[in-house]
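Structure, as structure tokens:
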Amino acid sequence: MRALIALLLAWLLAAPALAQTDPNRLAPHLDPNRTANGLAQTPPMGWNSWNKFACNVNEAIVRRVADAMVSSGMRDAGYVYVVIDDCWHGPRDAEGNITADRERFPSGMRALADYIHSQGLKFGIYSDAGRTTCGGRPGSQGHEYQDARTYASWGVDYLKYDWCATGTRNAEEAYALMADALRATGRDIVFSICEWGNNQPWLWAPRIGNLWRTTGDIYDHWDGVDRWQHGVMNIVDSNEPLWPFAGPGHWNDPDMLEIGNGGMSDSEYRAHFSLWAMMAAPLIAGNDIAAMSPATRDILLNREVIAVDQDRLGAQGHRTWRQGTSEVWVKPLAGGARAVLLLNRGEAPAEIAADWALLDWPASLRARVRDLWQHRDLARAAGRVRATVAPHGVVMLRIEPGA
């Protein structure tokens with residue numbers, strides 16, 4: 001009997017630790033009616049360190065970018081999250097608490113968060129559902145509640161949660177565990193799910209997080225696939241069919257922006273930005289904001305295009321017509337207007353038209369038309385709009401019923 005009692009006591013004492021180290025085995029049944037945290041009612045906007053700096057990130061870079069987000073006008077345009085991606089981590093301490101790399105972040109994460117908050121910005125950080133991050137730093141598996149408490153104590157407002165070194169973990173349960181840990185802190189923390197669309201997150205992530213990656217990593221190319229990296233057009237084609245799953249508080253995430261990193265033309269970058277806005281995607285800049293060119297600034301600060309992305313209706317636009325390399329995209333907007341994108345994937349200029357039927361409007365309806373890149377009103381239209389579109393370019397219009 002004593003042996004039985006001792007065994008039972010040992011099991012009871014070990015149960016909390018097991019729940020941390022093996023959430024797949026002991027995780028409770030997921031409630032299909034659960035909701036996420038009520039945050040991110042419009043797609044999050046901000047900056048992330050990875051696309052430009054990868055593992056070469058440090059405190060000085062982050063502070064410089066935060067300053068530039070204010071001075072450039074990006075903060076006032078809606079870019080508020082400053083997110084440090086992989087490789088900020090130091091070792092865990094004797095109690096298992098995660099620490100920051102002391103050489104790269106000598107002031108510590110709390111001081112850095114305080115500085116970012118003092119600029120009217122919000123602070124984001126990165127971790128991984130596996131034992132290690134993609135960059136080989138300590139992951140959060142087995143430390144979910146512990147890490148969430150640490151992040152909250154640092155003043156974190158946004159967590160990007162990756163999917164490297166996860167072994168046989170169940171994605172839905174792993175992300176639900178961290179979501180519960182974040183909720184238990186009592187702090188509002190936007191939860192960004194990053195498992196690359198491998199486990200069809202659009203089917204379960206709306207109950208757990210605020211945005212979920214739908215594809216492999218983006219890279220700074222118009223088209224093509226290089227191992228796990230995907231060009232802009234490849235990502236667009238993967239993300240576009242998922243439009244029914246997006247809405248306020250839960251967004252398809254086709255990955256961060258490459259605008260200004262040098263691999264595409266300004267015309268291609270305008271198309272990149274326009275398509276992300278049409279898809280109601282998070283607008284997370286990935287360039288060196290402190291050193292961006294006037295052309296890059298003009299793209300990222302186009303408030304008329306940003307307004308399409310941030311429209312309160314929260315509808316993701318999608319392709320309604322395609323012929324060869326010409327496409328028409330439509331995004332419903334609050335109040336009955338439509339954003340319309342004429343996309344030319346080809347190598348020569350193309351004449352592209354959008355009939356009102358593609359907008360679910362009668363042919364007789366008259367409408368006001370505004371070009372969002374030329375920042376000017378066009379002639380009133382009835383039945384259709386048409387334009388000549390440059391190679392690898394777009395014409396982006398806001399069309400509103402009314403004489």
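The values are calculated or read from the model by the stated rules, or taken from the named source; none is laboratory data. Keep in mind that what you see is a predicted model, and the values were worked out from it rather than measured. Every residue, glycine among them, receives a Cβ derived from its backbone with ideal geometry; neighbour counts consider all protein chains shown.
Which residues, taken from the stretch 294-318, are in a loop (DSSP other than H, G, I, E, B) and either surrounded by fewer than 21 Cβ atoms within 10 Å (Cβ to Cβ) or of a type in the set (A, V, I, L, M) (or both)?
Quick first cut of the stretch 294-318, residues in a loop (DSSP other than H, G, I, E, B) only: 301-302, 310-317.
Correct list: 301, 302, 310, 312, 313, 314, 315.
Going through 378, 341, 333, 359 one at a time, which residue ends up being surrounded by fewer than 17 Cβ atoms within 10 Å (Cβ to Cβ), touching a strand residue (DSSP E or B) at 6+ places or on another chain (Cβ under 8 Å) and of a type outside the set (Val, Ile, Thr)? Walk me through it before giving the result.
Working: 341 fails: surrounded by fewer than 17 Cβ atoms within 10 Å (Cβ to Cβ); 333 fails: surrounded by fewer than 17 Cβ atoms within 10 Å (Cβ to Cβ); 359 fails: surrounded by fewer than 17 Cβ atoms within 10 Å (Cβ to Cβ).
Step by step, each of 378, 341, 333, 359 is checked, and only 378 is surrounded by fewer than 17 Cβ atoms within 10 Å (Cβ to Cβ), touching a strand residue (DSSP E or B) at 6+ places or on another chain (Cβ under 8 Å) and of a type outside the set (Val, Ile, Thr).
Would you check if there is a residue in the stretch 156-172 being more than 23 Å from residue 216 (Cα to Cα), crowded, with 24+ Cβ neighbours inside 10 Å and not basic (Lys, Arg)?
Step one: of the stretch 156-172, the residues more than 23 Å from residue 216 (Cα to Cα) are 156-157.
With crowded, with 24+ Cβ neighbours inside 10 Å added as a condition, the list becomes 156-157.
Narrowing further to those that are not basic (Lys, Arg): 156-157.
Checked the stretch 156-172: at least one residue is more than 23 Å from residue 216 (Cα to Cα), crowded, with 24+ Cβ neighbours inside 10 Å and not basic (Lys, Arg).
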Checking the condition in the same structural domain as residue 260 (by TED's automatic domain parsing), at positive phi and not aromatic (Phe, Trp, Tyr), which residue from 186, 216, 209 passes?
186
Go through the stretch 187-211 and give me each residue that's buried (at least 21 other Cβ atoms within 10 Å of the Cβ) and closer than 12 Å to residue 249 by Cβ.
190, 191, 205, 208, 209, 210, 211
Could you check residue 74 against (1) touching a Gly at 6+ places or on another chain (Cβ under 6 Å); (2) under 27 Å from residue 40 (Cα atoms) and say which number it fails?
(1)
Test residue 369 against the stated conditions and say whether it is out of contact with any helix residue (DSSP H, G or I) (no Cβ under 6 Å at 6 or more places or on another chain), surrounded by fewer than 21 Cβ atoms within 10 Å (Cβ to Cβ) and not assigned by TED's automatic domain parsing to the domain that holds residue 67.
yes
Would you tally the residues in the stretch 213-244 being touching a Leu at 6+ places or on another chain (Cβ under 8 Å) and within 24 Å of residue 189 (Cα to Cα)?
1
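Going through 153, 127 one at a time, which residue ends up being assigned to a helix (DSSP H, G or I) and in contact with a Lys or Arg (Cβ under 9 Å, 6 or more places away or on another chain)?
Working: 127 fails: assigned to a helix (DSSP H, G or I).
Matching residue, one of 153, 127: 153.
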Could you tell me which of the residues 243, 321, 228 is at pLDDT below 95, over 22 Å from residue 159 (Cα atoms) and either surrounded by fewer than 19 Cβ atoms within 10 Å (Cβ to Cβ) or not assigned by TED's automatic domain parsing to the domain that holds residue 397 (or both)?
228
